[in-house]
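Asks: One structure is given below, represented as structure tokens, and several questions about it will come after.
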Amino acid sequence: MHIKKNDLVIVVGGNEKGKRGKVLEIAREKNRAIVEGIHMVKKHQKARSAAKPGGIITVPGYIHVSNLALLCPKCGKRAKAHREKVSDHRVRVCNECKETID
């Protein structure tokens, strides 16, 4: 998968096109991710206690990773990244500015 948790991404397709956010969670088996502030959905929640009342809450929903593109933290552009071997492990490198993304 081309994105990981805590990556900065931009939405390239769908109703949220053009919005940016940080990846909060990855579901590898479904090829989906939860991005902060993107695809907010309403959820009906049952009351758990007096401190946590029930009601309708808004939570971020899953979005397919094919609708996400990685953002380079240095140049701020969509990063078509490739992998390079540095010492004993592989890292993602931006093709534009040659900066490591990991």
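Asks: Defining a contact as two alpha carbons under 8 Å apart and six or more residues distant in sequence, what relative contact order in percent does the stretch 8-94 show?
Replies: 24
Asks: Of V9, Y62, S49, which is farthest along the charge dipole of the chain in the positive direction, counting Lys and Arg as +1 and Asp and Glu as -1 at C-beta?
Replies: In the chain, that residue is S49.
Asks: Could you go through the stretch 85-97 in sequence order and give the Karplus-derived ³J(HN,Hα) for each residue, using 6.51 cos²θ - 1.76 cosθ + 1.60 with θ = phi - 60°, rounded to whole Hz, and x for Gly and Pro?
Replies: 8, 10, 6, 10, 9, 9, 10, 8, 10, 6, 6, 7, 9
Asks: A further question on this structure: 7 Å from Cα along Cα→Cβ at both R90 and I56: what's the point-to-point distance in nm?
Replies: 4.6
Asks: Once amide H atoms are built 1.01 Å from N in the peptide plane, which residues 5 or more positions from I101, or in another chain, come under 5 Å H to H?
Replies: R92, V93, C94
Asks: Would you calculate the separation in nanometres between label points at K4 and K74, each defined as 7 Å from the Cα along the Cα-to-beta-carbon direction?
Replies: About 1.7 nm, to one decimal.
Asks: Sticking with this one: What base-10 log of the normalised intensity I(q)/I(0) is obtained for the chain from the Debye formula, alpha carbons as equal point scatterers, at q = 0.12, 0.16 Å⁻¹?
Replies: Ignoring solvent entirely, the Cα scatterers give -0.48, -0.73.
Values quoted throughout were computed directly from the atomic coordinates according to the rules given, and no laboratory measurement underlies them. If you're wondering where the values come from, they're calculated on a predicted model, not measured in any experiment. Using ideal geometry, Cβ is built from the backbone for each residue, glycine included, and neighbour counts are taken over all protein chains shown.
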